1. On the basis of being assigned to a loop (DSSP other than H, G, I, E, B), touching a strand residue (DSSP E or B) at 6+ places or on another chain (Cβ under 9 Å) and open to solvent by less than 10 Å² (accessible area, probe 1.4 Å), does Pro128 make the cut?
2. Among the residues of the stretch 189-223, which ones are of a type in the set (Asp, Glu) and either at pLDDT below 95 or not in a helix (DSSP H, G or I) (or both)?
3. Name every residue in the stretch 215-244 that is open to solvent by less than 10 Å² (accessible area, probe 1.4 Å) and more than 24 Å from Ala75 (Cβ to Cβ), in order of residue number.
4. Give the residues of the stretch 188-237 that are of a type in the set (Ser, Thr, Tyr), closer than 20 Å to Leu55 by Cα and in contact with a Leu (Cβ under 9 Å, 6 or more places away or on another chain), sorted by residue number.
5. Does the stretch 179-188 include one or more residues that are of a type in the set (A, V, I, L, M), modelled with pLDDT of 95 or more and in contact with a helix residue (DSSP H, G or I) (Cβ under 9 Å, 6 or more places away or on another chain)?
6. Can you pull out every residue in the stretch 53-85 that is farther than 23 Å from Asp201 by Cβ, of a type outside the set (Phe, Trp, Tyr) and part of a loop (DSSP other than H, G, I, E, B)?
7. Among the residues of the stretch 142-164, are any surrounded by fewer than 17 Cβ atoms within 10 Å (Cβ to Cβ) and in a helix (DSSP H, G or I)?
8. If a residue has to be surrounded by fewer than 17 Cβ atoms within 10 Å (Cβ to Cβ) and not in a helix (DSSP H, G or I) to count, how many in the stretch 42-52 make the cut?
Amino acid sequence: MLKSSVLTALAAMTLGGQSTAQEVTQVDDVVVSARSQDELMRDFIEDIAPPERSLQTARFYREVCVGVINLNPAAAQAIADRVSQNALDVGLEPGQPGCRPNILVVATNDGNALAKGLVERKRRFFDPGGSGMTRSNQALNRFTDGSQAIRWWHVATPVDARTGQRAARLPGEQAPIVTGGASRLRTELRHDIDRVMVVLDLSKLEDLNFTQVADYVSMVSFAQVDDAADFSGYPSVLTLLAGNPEVRGLTEWDREYLTSLYSARLNQPIRLQQQNEMMSLIRQARDKAHVREPSDRARHGLKAAVSS
């Protein structure tokens, strides 16, 4: 039976709030090139993005508020504080005490039962009905019936960047008016993550600490991560649940991605153009870091370049 605290939290998360030249490093017998790392990051950016063509790159706008349910107060606070600190690190504003959660983390011993029950009872929470706001029904089925230890679901809202008003029509509503014009190079719409539901299956997380869980939650909350993608070739926290012993939390690789996501303008009408902008920002940051610390990169090699 669903706990009333979960349903109360869902009711509080309402729709539409807007609060809210190539270098080579020698490491023993392995040669790692700056270009190869750029290519790997480019693949990472593409793999993270959900495959649905109706979705644009989405992110939180300014503020995040983290709610954690069904854990003891100390554990819940530890996760909320860590996620909030990670949000601050990428340029977001953590909500004040008592804020309305737009990242809701729910712990359970049966992820499927909880997820399925929530979707059955609060379907509109997960699928408001507006174009480009959520992933496919197939993805929602994985959320309810999958075997993952941590599962997540985003609702993102197309917003008129000039007025801050929702630009997606919901069932029973008239089409909203979007001000300004658009071109092949620029759009007046931005896509705000309105809310995220993250379900923790505690029966499958016994070997992880709260920091690791919170860092994983941060990554899959701050960005719309494709839950069906294979991240095994990347130095990312997204390999944590696959048992990667080298990952202890968010890596430098992850932070590069998130920083570019929250630094980019993302005012291009095509997702590929948005990804190009993010990759350009990452290259610029890497070039600056290389100029500042060339000897340190040469000394530590690949580990310094792509992991925390």
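The values are calculated or read from the model by the stated rules, or taken from the named source; none is laboratory data. Values in this document were obtained by computation on a predicted structure and should not be read as measured data. We place every Cβ from the backbone using ideal geometry, glycine too, and count neighbours over all the protein chains shown. SASA here: full protein model, heavy atoms, side chains in, ligands and nucleic acids out. Shrake-Rupley method; radii C 1.70, N 1.55, O 1.52, S 1.80 Å.
1. On the way: assigned to a loop (DSSP other than H, G, I, E, B): yes; touching a strand residue (DSSP E or B) at 6+ places or on another chain (Cβ under 9 Å): yes; open to solvent by less than 10 Å² (accessible area, probe 1.4 Å): yes.
It is true that Pro128 is assigned to a loop (DSSP other than H, G, I, E, B), touching a strand residue (DSSP E or B) at 6+ places or on another chain (Cβ under 9 Å) and open to solvent by less than 10 Å² (accessible area, probe 1.4 Å).
2. We begin by selecting, within the stretch 189-223, every residue of a type in the set (Asp, Glu); these are 192, 194, 201, 206-207, 215.
The answer is Asp192, Asp194, Asp201, Glu206, Asp207.
3. If the condition is that a residue be open to solvent by less than 10 Å² (accessible area, probe 1.4 Å) and more than 24 Å from Ala75 (Cβ to Cβ), then Ala223, Ser236 are the ones that fit.
4. Going through the stretch 188-237, the residues of a type in the set (Ser, Thr, Tyr) turn out to be 203, 211, 216, 218, 221, 232, 234, 236.
If we keep only those that are closer than 20 Å to Leu55 by Cα too, we end up with 221.
Once the filter is applied, which keeps residues that are of a type in the set (Ser, Thr, Tyr), closer than 20 Å to Leu55 by Cα and in contact with a Leu (Cβ under 9 Å, 6 or more places away or on another chain), the stretch 188-237 yields nothing.
5. no
6. Listed by number, the residues that qualify are Arg53, Ser54, Leu55, Gln56, Thr57, Ala58, Arg62, Cys65.
7. yes
8. The qualifying residues number 2.
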